[in-house]
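Taking it in order: structure first as C-alpha cells, then the write-up.
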C-alpha cells in the first residue's frame, strides 16, 4: 500500500511505500528534510502532521513528548503514514542534488590524535567521488548488519581522503576494533553523505538597498563533536566567508583538545574567527588558565542576547540539550539552532 505525502509550505508531493518512514520516502524522492540520528532520539526531524494519520514508531520520549503529539508533531525519521498526509516542515535546499551512495573505501592512514581519539583517513576507489556538504556524516556498514555513524572532519574541497575522528568508547564494538585490530589498507564499506548539519549560507538576511547583513555564527563542540565543525570551518575559510565565527570547544582536560594548535593557527590566519576552549575538569598538571565549567554556560556568559545569532552545536546529547535550553532562554530563535547530537548507536534486535 502507498500513501501520498504533501510538504507544506513548499507544496512538494511524493509517494511513500507502506514500509517506509516519511523521511526515507522523502530522501528517496530527492526532498531533503531536516534529520540527524534517524533513531528517534535527537528531534532534528520533528515536524507537524497537518492532516492524515501516522504510525509514530519507536522513539525516545525526550525527542517527542505527549503534549507535542497532541499538537500534531511527529518525528519523520520514525513516523510512517497510515493515510495520505500533509506535513509541515522546512526543506533543506542546500542538500538538493547530493546523492546518498554506498561505497567501498580503504583505510590509507591511521593517526592517533589523542589517547582516545583516532583519525581514520579513507580513500575511495579511483573512479568514485563523494559529493557532500561540510558537516555531514557517513555510516560505516559492518559485516553483521550494524552501522556506526561518524561525521566527516574534512571539507569538500579537501577530499583526497575522507577523515573521521573515532573516540575509543568503553565496550564500543567498532571503536574497540579501530584501536586494537584495524590496520592501514583494511577495507570498509559506508553509506553517505547523511544529515543536515552544515552552515546555512542561503538563510542570511538581505536588505533591499544594502549589502547582505550576515548573522554572526557561534559554533559549540563537545569532544569529538569538533570533527564536523572542523569541516565546516575549513570550508568557510576556503570560500572566504566573512561572517563572524566564534568556536567554543568544550572538553574535560587539556589533552582532550586534540587539535588545539590547529584551531589556534586559524585565529592567527582569519580576522573574523575567534576561539574559546572550555575545560570542565582541568588536570592540575595542565596549569590551565583558560575558561572552566560547562561550554554552553561560557557561550551565554559571552553572548547574553543571542537573538541575532546562529548557533551550530555538535557533540554529546546532554551538552546539546543543555545548550538548547540555555540558548532559548537567551533569545536564540528555535530555527537558528542547528545541531548534530552524537546519539549512541541502536543495534538491531536479533530474534
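Only the coordinates and a few stated rules stand behind these numbers; no lab work does. This is a predicted model, so every value here is computed, not measured. All Cβ positions, even for glycine, are placed from backbone atoms using ideal geometry, and neighbour counts span all protein chains on display.
So what does the Cα-only Debye profile of region 101-194 read at q = 0.16 Å⁻¹, as log10 I(q)/I(0), no solvent term? Per q value, in the given order, log10 I(q)/I(0) is -0.61. Extension gain, residue 180 to residue 55: 0.36 nm times the residue separation minus the Cα-Cα distance gives 40.8 nm.
Grouping the Cα pair distances of region 244-351 into 5 Å bins from zero gives a pair-distance distribution of 2, 11, 19, 21, 19, 13, 7, 4, 2, 1, 0, 0 percent in increasing distance order. Shown for 137, 275, 238: other C-beta atoms within 10 Å of each C-beta, ranked fewest to most, produce the order 238, 275, 137. Rounded to two decimals, the Cα-based Rg/Rh of region 139-296, with Kirkwood Rh, is 1.01.
Look at 117, 300 and count the other Cβ atoms within 10 Å of each Cβ; fewest to most, that gives 300, 117. Counting neighbouring Cβ atoms within 10 Å and putting the fewest first, the residues 86, 178, 311 line up as 86, 178, 311. In region 1-154, inverting the average of 1/r over every pair of distinct C-alpha atoms gives 17.3 Å as the Kirkwood radius. Each 10 Å bin, from zero up to the one with the longest distance, holds this percent of the alpha carbon pairs of the chain: 5, 23, 33, 26, 11, 1, 0.
Label separation (residue 126 vs residue 86): 5.5 nm, computed from points 7 Å beyond Cα along the C-beta direction.
Compactness of region 238-298 is given as radius of gyration and Dmax, 12.7, 40 Å, from Cα positions. Rg and Dmax of region 270-328, both derived from C-alpha coordinates alone, stand at 13.0, 39 Å.
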